[in-house]
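The structure under discussion appears below in the form of structure tokens.
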There are 2 protein chains.
Amino acid sequence: MVLTERQKKILLAVVKDYIESAEPVGSRTISKKYLPSLSPATIRNEMADLEEMGYFYQPHTSAGRVPTNKAYRYYVNAILSGEEKLTFDDYLFRELLNEAKEEIESLLRRIGKLISRTTDYISIIVALRSRESVIKKIELFRLDLMHALMIIVTEGGWVHHKLITLKEDMDEEEIEELGRYINEKLSGKSLGSLDEGFIRELIKKLEEYKGVCVEAIQALAEVRERFNSKVYLEGVTNILKLPEFKDVEKIRIVLEVLEEEDFMAKMLAELSRGENLKVIIGEENPIDRMKECSLVTASYSLGGKIMGILGIVGPTRMDYKRVISLMKAMTKFLESVEGGS
Amino acid sequence: MVLTERQKKILLAVVKDYIESAEPVGSRTISKKYLPSLSPATIRNEMADLEEMGYFYQPHTSAGRVPTNKAYRYYVNAILSGEEKLTFDDYLFRELLNEAKEEIESLLRRIGKLISRTTDYISIIVALRSRESVIKKIELFRLDLMHALMIIVTEGGWVHHKLITLKEDMDEEEIEELGRYINEKLSGKSLGSLDEGFIRELIKKLEEYKGVCVEAIQALAEVRERFNSKVYLEGVTNILKLPEFKDVEKIRIVLEVLEEEDFMAKMLAELSRGENLKVIIGEENPIDRMKECSLVTASYSLGGKIMGILGIVGPTRMDYKRVISLMKAMTKFLESVEGGS
DNA sequence: ATTAGCACTCTAGCTTTTAGAGTGCTAATA
DNA sequence: TATTAGCACTCTAAAAGCTAGAGTGCTAAT
């Protein structure tokens, strides 16, 4: 069933008004604020039709209309297909650009804060990291009498460090020599390929270094274990300001999912597969506990490879237009910054 | 005014019961559950006296008694003076000890999680770091054609890294040479001492290295800037389970303070000065927005120097006994682990 | 095809009612 | 004298009842 131009206008008007007000929208409001050329009675008739088609529902007979997820979907599709113009205040960019030289970690944290602050929703960023990541460089050096430090740099600019306790006396030269050896052996390999067998073999080959060697290799194994995606969550308190989350129980359910970092990382990675920008409205969400929310995700890539995902969690009554603009801008920004460094 | 033995018993019983139930405690309950040798009427009389002394209040005339902060204070002092025996399930320790070899960062994060999980309150940990910290080692090495990595290790086992873009061609040797030079010049110095003047002088001396040198020094300056205390917050959703926080507005106020990392770091550092373990009940809290909560802090030190602060935020009706036991155990654990590594 | 007019519906918020929990006081008891 | 049983009294939280007003759907007029 195709909507008439007028129905379209009314549909979008109701959605927009509800996004602003969070109150059921009446025919009088639409007539006054959006379509003064039409009387409330006319709009009432159209609204009844639209309700029948599943775009609205009434909390009770004598209330105004509330958009259904189908209506939001229609609205979002209109935005995505370019019918609604996107705008973006680029002063936000300027603020960010000053800091563009930062490490990826603090940059992502800052972007998360910026997103949650400007949208008043929750932002969740996942920096994808997998065992497939290739080791770019390993460096080992002495810290003091008792300790050495092992630095492991992997693809995507991630730096890991691991303190190693020296049980036996080793001079600086020996340690660096060992570092060079390990680096040579391992750089270019993926973390995942450092399996039991490989490590055992390495230990055998390095028998001469004994204790240190074992510790060093153990350190590597640990980096491998811990090397999964990183999650940055910001603005959780924003959900407390929303009228649809007056009920503490509802809030708890959502926040508890969001706090499960590993789960969220996996879900977002899954979700954002395929399209670059994805809008998930209410029940469309595969995460049951988040069916009261909408989720907008956008992945940012480098050289064709997805590096991470930005996500915004808000009510289904989310300001999709603003959020989508911001997401597009942010991924573009991230891709430019990371690409250029 | 000194309390009689019987009044003491009743006071502590009311506090204990209220901590469990969060409901006003009636005379019948105390008689039945705690002091069966006394009739409700007797207890009623004593309760009236205790109320007059400011230990209880009644939400309304026909309700049971609720402990005031003065009562909690009495209870906590009884615990701290050793009158109430502390217990601690040390299976928690075993879980931790397996991971004792971790980096300080992930160790603190894990401890935060453990605390919030076992107490069902919010945990906040501040790792104190100041500009007074001394640089232990600086290392510079080449990553690939275009980049070098600078590693700065400071007191307390903190490792920072900074990517440096090489504008001009430099061979590996030169870079390492520069690293050795910077290390020699700066290790042993405090971060705070790297002021404008010092840096300018350094740049001058290193003029021969030009571009790289400037970038390297800038990296240092940035580490100095960012080097303030680190805050680990865990279990914020726990507050949503508490009956005293049914009101979303109350929750928001507390969570918003807790999210202000810099502020919290400063406050906790301030608060925990002096005593090692501190219990702050309700209005005693200097942070206005947290006067509805209680806060227990414990600092952990190494060689007489305070390294950080563990904090637990909960309702004034907090299970102080459990929390205090846990805090004592955790700081002891941290001090042993960090001292022995 | 649109719209003015009107009866109708439903809720949010207010008042009223009521059961029950817990008190304080008095008088009896040990 | 210290304790306790008994009882009238108080107060609230939850249920029930009431009402204004917002918004509808339908009918008849334009």
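Based on the Kirkwood radius over alpha-carbon pairs, what value in µm²/s does the Stokes-Einstein equation return for the translational diffusion coefficient of region A:135-226 at 37 °C and 0.692 mPa s? In µm²/s, the coefficient is 251. Structural descriptor for region B:97-171: relative contact order 19 percent, calculated from alpha carbon pairs under 8 angstrom and at least 6 residues apart. Volume per residue for chain B equals 165 cubic angstrom (convex hull of Cα atoms).
Here each label is just a point 7 Å from Cα along the line to Cβ, and for residue B:60 and residue B:336 those points are 5.3 nm apart. Its Kirkwood hydrodynamic radius, worked out from the mean inverse distance over all distinct Cα pairs, puts region A:157-207 at 12.8 Å. With an 8 Å cut-off on Cα pairs and a minimum separation of 6 or more residues, tell me the relative contact order of chain B in percent. Value for chain B: 18 percent. Using a ≥ b ≥ c from the Cα gyration tensor of region A:191-341 (square roots of the eigenvalues), is it rounded, prolate or oblate, where a/c under 1.5 gives rounded and otherwise the larger of a/b and b/c decides, a/b for prolate? It is prolate, given that a/c is not under 1.5 and a/b is the larger ratio. Neighbour counts of other Cβ atoms within 10 Å put B:224, B:117 in the fewest-to-most order B:117, B:224. The magnitude of the dipole of region B:5-80, with charges of +1 and -1 set on the Cβ of Lys/Arg and Asp/Glu and taken from the Cα centre, is near 160 debye. Neighbour counts of C-beta atoms inside 10 Å place A:154, B:42 in the sequence B:42, A:154, starting with the fewest. Other residues with beta-carbon under 10 Å from the beta-carbon of residue B:307 carry, at +1 per Lys or Arg and -1 per Asp or Glu, a net charge of -1. In this simple spin-label approximation, residue B:83 and residue A:198 carry label points 7 Å from Cα along the Cα→Cβ vector, and these lie 6.3 nm apart.
In a fully extended conformation the segment linking residue A:134 and residue A:273 would gain 47.9 nm over its present Cα-Cα distance, using 0.36 nm per residue. Given the protein assembly as shown, report the % of alpha carbon pairs whose separation exceeds 47 Å. More than 47 Å apart: 31 percent of the Cα pairs in the protein assembly as shown.
In this Cβ point-charge picture (+1 for Lys and Arg, -1 for Asp and Glu), the protein assembly as shown has a dipole of about 2500 debye about its Cα centre.
Candidates B:145, B:197, B:183 compared by Cα position along the dipole of region B:135-226: farthest toward the positive end lies B:197, with charges placed on Cβ.
Which one, B:267, A:14, B:19, projects farthest toward the positive side of the charge dipole computed for the protein assembly as shown from Cβ point charges (K/R +1, D/E -1)? Final value for the positive-end residue is A:14.
Taking Cα centroids, how far is region B:252-323 from region A:34-72 in Å? Taking the Cα centre of each part, region B:252-323 and region A:34-72 sit 52 Å apart. Computed over neighbours whose Cβ is under 13 Å from that of residue B:286, the net charge equals +1, Lys and Arg +1, Asp and Glu -1.
For chain B, the residue among B:69, B:160, B:285 whose Cα projects farthest onto the positive side of the dipole built from Cβ charges is B:69. Note on region A:5-80: Kirkwood radius taken over Cα pairs, Stokes-Einstein applied at 20 °C and 1.002 mPa s, translational D equal to 178 µm² s⁻¹.
Magnitude of the charge dipole for region A:135-226, about its Cα centre and with charges confined to Cβ atoms of Lys, Arg (+1) and Asp, Glu (-1), is about 480 debye.
The fewest-to-most ranking of B:121, A:75 by surrounding Cβ atoms within 10 Å reads A:75, B:121.
Structure note, pairs A:113/A:328; A:246/B:291; B:137/B:185; A:185/B:162; A:137/B:162; A:137/A:167: Cα-Cα distances above 20 angstrom occur for A:246/B:291; A:185/B:162; A:137/A:167.
Every number in this text was worked out from the coordinates using simple rules, so none of it is lab data. All figures in this text were calculated on a predicted structure; none of them were measured in a lab. With ideal geometry, Cβ positions are generated from the backbone for all residues, glycine too; neighbour counts draw on all protein chains shown.
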